[in-house]
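Just below is one structure, and these are the notes that go with it.
The values are calculated or read from the model by the stated rules, or taken from the named source; none is laboratory data. All of these numbers come straight from a predicted model, not from anything done at the bench. Cβ placement follows ideal geometry from the backbone for every residue including glycine, while neighbour counts extend to all protein chains displayed. Note: accessible area is taken over every heavy atom of the protein model, side chains too, but ligands, DNA and RNA are not part of it. Shrake-Rupley method; radii C 1.70, N 1.55, O 1.52, S 1.80 Å.
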Amino acid sequence: MTPNNSSQPSQSASSKKVDHRGSLSSYQIYVLVVLSIIGAPLLNFPRFVATEAGADGVWLSVISGLLVTGFVFMVSKLCQRFTGQTFVQFIPEIFETKRMKWFGKGIASLIIIGFALYWMNQISFQVRLFSEATNTTLLPKTPIEVTIITLLLASTLASYSRPAVIGMLNELLFPIILIPFALQLYVVFKKGDWVHIFPLFQSDWKGLCKGILSNGLGFSGFEVLFLIMGYSQKVDHSSKVNTRAMLTAAILLSSTVIAQYFVFGVNALSKNLWSALDFYKEVRPELLVIERIEAFVLGIWVVIAFIAITNLQFVLVRTICEAFHVKEEQTKYVAWSLFPFFYGGAMVSENISDFFAKFQEHSYVGFIFSIVIPILLFLLAIIRRKRSSPKKKDQKGGENHHATST
Amino acid sequence: MKMRKLRFLRDQKRKKILEQQSKNKVEERSENKGISKNLDENLDFLKNVFGNSTDIITRTFAMKTPDHSTGAVIYIDEMVNKDITHNYILRPLMQEEIQDQTDIWKNVVQKLIEAGEVKEITKMKEVINGILSGDTIFLLEGTTRALVIGTKGWTTRSVGEPRAESVVRGPREGLSETSTFSLAMIRHRMKDPDLRIQSFVIGERTQTAVSLLYVEGLTNEQIVETARNRLKDIKIDGILETGYLEEYLQDQTWTPFPQIQNTERPDSVVAHLLEGRVAILVDGSPHALIAPAVFTQFYNSPEDYYERYLISSFLRLIRLFSFAIALLLPAFYIAFVSFHPELIPDQLSIAMAAGRASVPFPSIVEALLMEGSIEVLREASIRLPGPIGPTIGIVGGLVIGTSAVQAGLVSPAIVIVVGMTTISSYANPSYNAAISIRLLRFPLMIAASILGLFGIMIALMLMILHMVQIRSFGVPYMTPFAPLRWGAVRDAIVRVPWKYMNARPSFLKPQDRYRQKNLSSEEAVKTGRDASNDTK
Amino acid sequence: MRHLPKVLIFMLIFPLLSGCWDRREIEDRSFVSAIAIDSAEEEGQAEISVQIPIPNKVTGGGSGGGGGDSADGKGPSGPFELLSGVGKTYTEAMHQIISSANDPLFFGNMQVIMISEEQAKKGIEPFMDALKRTSEVRRQLYPVVVKGKAKEALNIKVPSEEIPTNYIRGMLRSGTKNGIFTDVTFGQLLIDMEIPNCQFPVMNYLEPIEGGYKWDGVAVFNRDKMVGMIHGREDIAGVLQVRTNQRGHVVIAPRSDGAIAFHPYRSGRKIKVKPDGSIEIHIEVTGFIQEKTSKDDLSKVEVIQDVSNQVATIYQDRMKRLITRSQKELQADVLNLGKYVRAYQPKFYNSINWQEEYPNIRITTKYHVTIHRYGISSD
């Protein structure tokens, strides 16, 4: 029954490092990016926007979604320059220096470690966030530790699968995840009111900038591209795919924000800690067998939580494995050894206010990783004319070992 | 770790011994022993090998040749068609005169034997094999050759209706235990010279004939090669049913999900062959294995393709629904009753509370009790002889259900839930998939009893993760949903009209992609060529 | 085989885990179907009562039905329990109830919050916070104000339902669906309460009568205190059409020799706010003629036109009366117009305090009535 019982011995590569390049199709990358972005934000993003950006959050969310899409385009252009390489391999190349080899490598390692730490934090926060939501609504008397551990156990089990399996998992769950968005339309249709989104254009410049920034943070999560682009099948039109993915995520998230503005209005929204849940409580479906649709939505949220955390964990585990050239069978030990850290991280905050404060701080740190570093890398790669040489494209397998030292 | 090592060593040892034993046996039966010139010596040898088994008939006689040379005919009593052996082999051999003393052998082969399938052999081993598989052997004094005459003809069951896969519309004949008959049924439906039947003999002791069926130029070579290699690798002492093979052939052992489909319908075999799959027949079993199998296949019925597409699509949706019910309903019952009563409509919740008021157990125990007893009933009704079975099932279900409710042991709601679950699990056309769902219901129920809806969802996620990890002959189990293959999705949830299913399932990577050739480009677009082209 | 230990461990752990924390069987919960908030004798305290149906006694659920015994007029009138507690806050009162209930109270299926008029006038805020904090409580429940004591209103014997709450719920549900009662749910109440400086929630007002309840208009609140009410179905049309966009009741237009009943089936409103804060409301009502006792020939276009104009005037007059009353007497923004002023003229809105400034706002209304058809009769 243990899922990772990877096939028969005749099939699995015995102890050689398996090359995962080309194991994700364009569609899988698309879904992976979408699902990595719209995980946690679904729960707290609208309220966050309402408190940070006020009434203008409605259109600012659209604007920042478009801006972030631009960034994603840049990131995928950057990744395209290094076909078949993950960021663990190409960042050292960008910083590579002739004279002081340790310098370039040092900076590259710092960035990669930074990313890893950021993701680790992100995982802890997301796990906590989803567990808090579950505990508030579904299991009020269950200790939070239980939900956190359950969620983490499930996602860790999934996280050390092969990239292809992660891709398929995302692909399979994607349609399910779209259901709440359809229901959202129903709620807006039933309970929405135009008046709630007005008045617009009330903030000053400072407010606008803050609004765009805080909105943009909700869209972070596309950093997973740095890794998964290395596993892509078709790199040629990946920038198109990624941009489309980001656009989808932006549409989904913005629509959530707009829908909740429509139903609650900015004041009631900012006052509601779990607005996303109360949103579905507003209507009573006449035709459904179950009494409340929010239960249905909650069920799907568990799916979203699972897949979002799994994706992040997968990216983190693979980053570590790539960095230390860990053998394929030992991936799972890496994944399980990270477990206590996630758990510890999730349990750091004592109460929910503390948690939200920390989460906010964390998302500002995320600004560096989702925006500053990509720009930096992109500019450096262009200036230094770094790209993976076409010769390397032909080489398959075993190349992973040497990529960093060429 | 240590345990594992010890176990490994033990296995190694055992393997060695086994190898040694089988070697001895083979040598004893003389792998390379040729046929001796001396007839008596040959007969003695055979007697030695078979250990005086009484069903082996050895008939020695003198032929009407100038020097009355002796010949012998050997066969197993009930395995041969006696009519052929007596009238067309023994009689001509004993009654026809042969004038030409110089080449009796040639005369016998060319003139005397009046049977169709005749083969000359020189090895003792082939003689033994021939006898064991129901052929008649002719040995002649002074010759180092023997004749194997095809006289297989044991009593068989007549062709019957497939019991587990009955359909309303569609052929009524099922595969036979005799694989030659089964092959004939398949050939009868598919008169394609490209249909290849490759035979293997598997089972050191049972020497079972296993045939691998595929269509050359259509089936993907890699799949055929995988099947071939896996079949070759099997070194078991006996194969009695396709189930033996199935477990050796499947990619992943630790899973409740079947990765190879089995069917007893020849039409279904042909349909799958045409889709680009391989089929495996085992002599002695009326089932055929079909590989690679993906998840969607297990809720498809052959009838889906015989009825009109709207009806089949509707039925498929019904089956999917019943699949979900069979898997999830008890778990949801537990989650709703024990954790989230707010999700039950309020009038109903009061009624359910009233129904459960006298029940002394928590809902999980109640559900396990009822589900368990229904499983027992189901198992018992299969064992019960003929016509009583279903009756007992119904009576047992009704009586136990009603009296359990009246006694206050269980609530009326769980009886409905269990009833629905049981009926729904029967809606699944493939028995082995239905069983795995019956099995998976229990972990889901337990998950629901610990963490409610959250538990169910987590358990479902793990299940889906597991399903995604499975492969069948290299094809991911959840295709065409993951990885997404639009061309094949048309035949996954619903069935589109045949017109629009021109492309064979692209995930099987058939060499011959389209069912109907020479379509105009316009029509090709309509029928899904575009969709399958972009998939690798 | 190497998985066996793992499987065994799981199998051993699971039964132990099951039954922890949140698992509580359906029959071990006391379903609260309604709560009633009454003012207590002591100042600043309230009496909160919960209605808990007894599943076994409710017909259809389990064995035997039958009402309770209310011979002495004291006990519950049906198959339910009524438990009460007194306290300064919701939780304080609830504690007294919990200590007398056999199973923990469960609010997930609560349908109605009943507030006595007396308590509504004193303020409901201290009793709402706990309700909106609990995720169990649905936002779809109906808050109502009742005349007299709310607890007694919950104890009325209703012939058609065993639990009076179900009657109220059904009544309000169909009434709001028909567009004749204001569509106010708990969720809507919370949203209305959150608009800064424009907190004028309304609730349906019920009067318990023999064998049931009578809907008697809406209770109007200023912040959390009830300031008055709008009676009857005539004046309510404006509230329904503007505030909740419902169609309202039948209008009877007196004619020279009889009357014509106009049945609205759709209503739409457009609200315009000028920069100086004056408000224009345009309301379109579409409907048909349900009854005619006059001699008018409806097949004539002019007559139809005339009737619609008359209906429009009737609406207009009622609206005028409503607005005047709300500004002069109640001083409460019954129509929730502040929301629109805030949305369309934020500058003006921010420059005043709507809560106080409302009586001085100029509001004009304009009706347009369309009669679509007049039934099967040809005239």
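A few notes on this one:
- Check on C:ASP296, assigned by TED's automatic domain parsing to the domain that holds C:GLN345 and assigned to a loop (DSSP other than H, G, I, E, B): yes
- Among the residues of segment A:147-164, those identified as in contact with a Ser or Thr (Cβ under 9 Å, 6 or more places away or on another chain) and either assigned to a loop (DSSP other than H, G, I, E, B) or facing chain B (nearest Cβ under 9 Å) (or both) are A:THR147, A:THR150, A:LEU151, A:ALA154, A:SER155, A:LEU157, A:ALA158, A:TYR160, A:SER161, A:ARG162, A:ALA164.
- Considering segment A:262-312, and only residues there that are among the basic types (Lys, Arg) and more than 9 Å from chain B (Cβ to nearest Cβ), the residue that is farthest from B:PHE336 (Cα to Cα) turns out to be A:LYS271.
- Matching helices (runs of 4 or more DSSP H) fully within segment B:83-137 where at least 3 residues are open to solvent by 50 Å² or more (accessible area, probe 1.4 Å) and charged (D, E, K, R): none
- Verdict on C:GLY268 being surrounded by 22 or more Cβ atoms within 10 Å (Cβ to Cβ) and assigned by TED's automatic domain parsing to the domain that holds C:VAL307: no
- Residues that are open to solvent by 30 Å² or more (accessible area, probe 1.4 Å) and within 14 Å of chain A (Cβ to nearest Cβ) were ranked within segment C:182-227; the one that is nearest to C:LEU330 (Cα to Cα) is C:GLN199.
- The residue of segment B:441-450 that is farthest from B:ASN262 (Cα to Cα), among those that are within 10 Å of chain A (Cβ to nearest Cβ) and either surrounded by fewer than 23 Cβ atoms within 10 Å (Cβ to Cβ) or touching a Lys or Arg at 6+ places or on another chain (Cβ under 9 Å) (or both), is B:ILE450.
- Residue in segment C:233-251 that is assigned to a strand (DSSP E or B) and on the phi < 0 side of the Ramachandran plot present: yes
- Filter result (open to solvent by 20 Å² or more (accessible area, probe 1.4 Å) and closer than 22 Å to A:PHE130 by Cβ) within segment A:45-64: A:ARG47, A:PHE48, A:THR51, A:GLU52
- Residues that are β-branched (Val, Ile, Thr) number at least 1 in the following helices (runs of 4 or more DSSP H) confined to segment A:229-316: A:238-264, A:266-271.
- Within the option set C:ASN155, C:ASN102, being within 24 Å of C:SER174 (Cα to Cα) and open to solvent by 10 Å² or more (accessible area, probe 1.4 Å) holds for one residue only, C:ASN155.
- Which numbered condition B:ILE364 misses (of (1) in contact (Cβ under 8 Å) with a residue 12 or more places away in the chain; (2) more than 14 Å from chain C (Cβ to nearest Cβ)): (2)
- Meets criteria (open to solvent by less than 60 Å² (accessible area, probe 1.4 Å), β-branched (Val, Ile, Thr) and at pLDDT below 90) for A:ILE307: no
- In segment B:354-363, the count of residues that are closer than 19 Å to C:PHE31 by Cβ, open to solvent by 40 Å² or more (accessible area, probe 1.4 Å) and of a type in the set (Ser, Thr, Tyr) is one or more.
- Given (1) modelled with pLDDT under 75; (2) assigned by TED's automatic domain parsing to the domain that holds C:PRO126; (3) surrounded by 13 or more Cβ atoms within 10 Å (Cβ to Cβ); (4) not β-branched (Val, Ile, Thr), index of the condition C:LEU17 fails: (2)
- Matching entry among B:ALA227, B:ALA209 (being assigned to a helix (DSSP H, G or I) and over 12 Å from the mean Cα position of the chain (by Cα)): B:ALA227
Yes/no matrix, rows are residues, columns are (1) among the β-branched types (Val, Ile, Thr); (2) assigned by TED's automatic domain parsing to the domain that holds B:TYR214; (3) closer than 18 Å to B:ASP267 by Cα:
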site	(1), (2), (3)
B:LYS119	no, no, no
B:GLU141	no, no, no
B:THR155	yes, no, no
B:ARG189	no, yes, yes
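- Counted residues, segment A:204-228 - those being under 14 Å from A:PHE314 (Cα atoms) and either open to solvent by 10 Å² or more (accessible area, probe 1.4 Å) or in a loop (DSSP other than H, G, I, E, B) (or both): 1
- Looking across segment A:127-142, the residues that are at the interface with another protein chain (Cβ under 7 Å from one of its Cβ atoms) and aliphatic (A, V, I, L, M) come down to A:LEU138, A:LEU139.
- Inter-residue pairs, beta-carbon under 6 Å, first farther than 14 Å from B:VAL73 by Cβ and in segment B:90-116, second surrounded by fewer than 17 Cβ atoms within 10 Å (Cβ to Cβ) and of a type outside the set (A, V, I, L, M, F, W, C), 6+ apart: B:GLU97/B:LYS64; B:GLN101/B:PRO66
- Just so you know, in segment B:133-192 the residues that are without any contact (Cβ under 8 Å) to a residue 40 or more places away in the chain and basic (Lys, Arg) include one that is nearest to B:MET79 (Cα to Cα), and it is B:ARG157.
- Qualifying residue in segment A:252-274 (condition: within 25 Å of A:THR147 (Cα to Cα), of a type in the set (Ser, Thr, Tyr) and in contact (Cβ under 8 Å) with a residue 24 or more places away in the chain): no
- Among (1) more than 14 Å from chain B (Cβ to nearest Cβ); (2) open to solvent by 10 Å² or more (accessible area, probe 1.4 Å); (3) within 29 Å of A:PRO140 (Cβ to Cβ); (4) over 16 Å from the mean Cα position of the chain (by Cα), the one test that C:SER135 misses: (1)
- Check on B:PHE361, closer than 17 Å to B:PHE442 by Cβ and assigned to a loop (DSSP other than H, G, I, E, B): yes
- The residue of segment C:238-262 that is nearest to C:TYR340 (Cα to Cα), among those that are out of contact with any Lys or Arg (no Cβ under 9 Å at 6 or more places or on another chain) and open to solvent by 40 Å² or more (accessible area, probe 1.4 Å), is C:ILE252.
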